Amino acid sequence: MTEPKEICSVDLGSSMRDNEYTLYEDGRVLRYYDKNPWSNNNENWLEAKTLGDDIKQRLLDECPEELKEKARELLYLGLFVRTLTCSTSKLPHRWGGVLL
């Protein structure tokens, strides 16, 4: 099994705490962060769809220009496509305030 390809890494941390996100083509995101001064170097694997809109926007803002389109697809389009294709209910669904 091959490892998923990295799209980009972005540091949203401060001078005192790490808060790095690495986006992968398979939709996963590795977050490497310091929780507090006594809990450093934590790692969490996340799904891109679980990130808040504010974090997604900050990641796109900091992502290198040549990788922004691929990152945008991972962060936003992947969620939209999954919502449309995975829905089995006959009830209307909402995505980003839009009735589907």
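Going down the list 5/35; 5/70; 35/68, which pairs span over 20 Å between their C-alpha atoms?
Numbers: 5/35 27 Å; 5/70 12 Å; 35/68 28 Å.
Violating the 20 Å limit, Cα to Cα: 5/35; 35/68.
Grab the Cα-Cα distance for residue 44 and residue 25, subtract it from 0.36 nm times how many residues apart they are, and report the gain in nm with one decimal.
Numbers: separation 19, 0.36 × 19 = 6.84 nm, distance 1.67 nm.
The residue 44-residue 25 span can extend by a further 5.2 nm.
Just to verify a number: FRET efficiency for residue 16 and residue 72, C-beta to C-beta distance, R0 = 30 Å, to 0.05?
Values: r = 30 Å, r/R0 = 1.00.
After rounding, the FRET efficiency stands at 0.50.
In the neighborhood of residue 19, defined by Cβ-to-Cβ distances under 15 Å, what is the net charge if each Lys or Arg adds +1 and each Asp or Glu adds -1? Before the final figure, lay out each step's value.
Numbers: positive: 17, 31, 35, 56, 58; negative: 11, 18, 20, 34, 43, 54, 61, 62.
Local charge sum for residue 19: -3.
If you plug each phi of region 17-26 into the Karplus form 6.51 cos²θ - 1.76 cosθ + 1.60 with θ = phi - 60°, what whole-Hz ³J(HN,Hα) values come out, in order, with x for Gly and Pro?
9, 6, 7, 9, 10, 10, 8, 10, 4, 7
Computed from the coordinates by the stated procedures, all read-outs in this text should not be read as laboratory data. None of the values given here were measured: they were computed from a predicted structure. All Cβ positions, even for glycine, are placed from backbone atoms using ideal geometry, and neighbour counts span all protein chains on display.
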